[in-house]
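Enquirer: One structure coming up, written as structure tokens, with questions to follow.
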Amino acid sequence: MTESGKRPDRRTLSSAARLYAVQALFQMEAAGQSADRVTREFQNFRIAADDRDGPTAEADEALFGRIVDEVVIWQSRIDQATDRALVERWPIERIDPVLRAVFRAAGAELVTGRAPAKVVISEYVRLTQAFFPEGRETKFVNAVLDHMARHLQPDSFS
């Protein structure tokens, strides 16, 4: 619920789910934890939970879980698409781990085609601004996701 007592709208819930998915993917990689363990932790203790800093945001838990699961399923294809979009000799392993999580979460949505490519790009570029407010990374994410989307969802750009 928001401060006004109203449930957040669908876009707000989807945006929060994407943010939590990026955080979960980062945690999975950094701590070497399984998708199941991290997903349960987020659903039980982080999404719409009260902690010492106050309540956290509600999220579309189904979207959150789907993104994390689909990254696991499609990670090889997502990483290949990301590598194709990056400068030669600059593989995804050399990218900042937060950006890797952003590319993988967005890539999962692009591979499955559940959301239009332009929506995915817009959402993850906006999300990147939360992690990197300086802006340089935001432009980088926009360029890489545009390239990935044109490869993974070519019909979205015709």
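Enquirer: If you take the residues of segment 125-158 that are more than 19 Å from ARG84 (Cβ to Cβ) and assigned to a loop (DSSP other than H, G, I, E, B), which of them is modelled with the lowest pLDDT?
Expert: My answer is SER158.
Enquirer: If you don't mind, there's one more thing I want to ask. May I ask you to say which residue of ALA130, ALA81 is of a type in the set (A, V, I, L, M, F, W, C) and surrounded by fewer than 14 Cβ atoms within 10 Å (Cβ to Cβ)?
Expert: ALA130
Enquirer: Then there is this: Looking at ALA81, is it touching a Gly at 6+ places or on another chain (Cβ under 7 Å), within 21 Å of HIS151 (Cα to Cα), among the aliphatic types (A, V, I, L, M) and in a helix (DSSP H, G or I)?
Expert: yes
Enquirer: What's the number of the condition LEU110 fails, among (1) within 19 Å of MET28 (Cβ to Cβ); (2) assigned to a helix (DSSP H, G or I); (3) of a type in the set (A, V, I, L, M, F, W, C)?
Expert: Among (1) within 19 Å of MET28 (Cβ to Cβ); (2) assigned to a helix (DSSP H, G or I); (3) of a type in the set (A, V, I, L, M, F, W, C), LEU110 violates only (1).
Enquirer: Further question on the same structure: Would you point out which residue out of VAL72, VAL87, VAL102 is under 23 Å from ALA149 (Cα atoms), among the aliphatic types (A, V, I, L, M), out of contact with any strand residue (DSSP E or B) (no Cβ under 7 Å at 6 or more places or on another chain) and not in a helix (DSSP H, G or I)?
Expert: VAL87
Enquirer: Next up: From the list VAL38, VAL72, VAL68, pick out the single residue that is at pLDDT 95 or above, closer than 25 Å to THR112 by Cβ and in contact with a Ser or Thr (Cβ under 7 Å, 6 or more places away or on another chain).
Expert: Result of the check over VAL38, VAL72, VAL68: VAL68.
Enquirer: Go through segment 133-158 and report how many residues are acidic (Asp, Glu), within 19 Å of GLY113 (Cα to Cα) and surrounded by 13 or more Cβ atoms within 10 Å (Cβ to Cβ).
Expert: Summing the residues that are acidic (Asp, Glu), within 19 Å of GLY113 (Cα to Cα) and surrounded by 13 or more Cβ atoms within 10 Å (Cβ to Cβ) in segment 133-158 gives 1.
Enquirer: I'd like to verify a number: residues in segment 119-141 that are in contact (Cβ under 8 Å) with a residue 60 or more places away in the chain and within 13 Å of ALA105 (Cα to Cα), how many?
Expert: Summing the residues that are in contact (Cβ under 8 Å) with a residue 60 or more places away in the chain and within 13 Å of ALA105 (Cα to Cα) in segment 119-141 gives 3.
The values are calculated or read from the model by the stated rules, or taken from the named source; none is laboratory data. From a predicted model like this one, the values you see are computed outputs, not experimental measurements. Because the Cβ atoms are built from the backbone with ideal geometry, glycine has one as well, and the counts that use them run over all protein chains shown.
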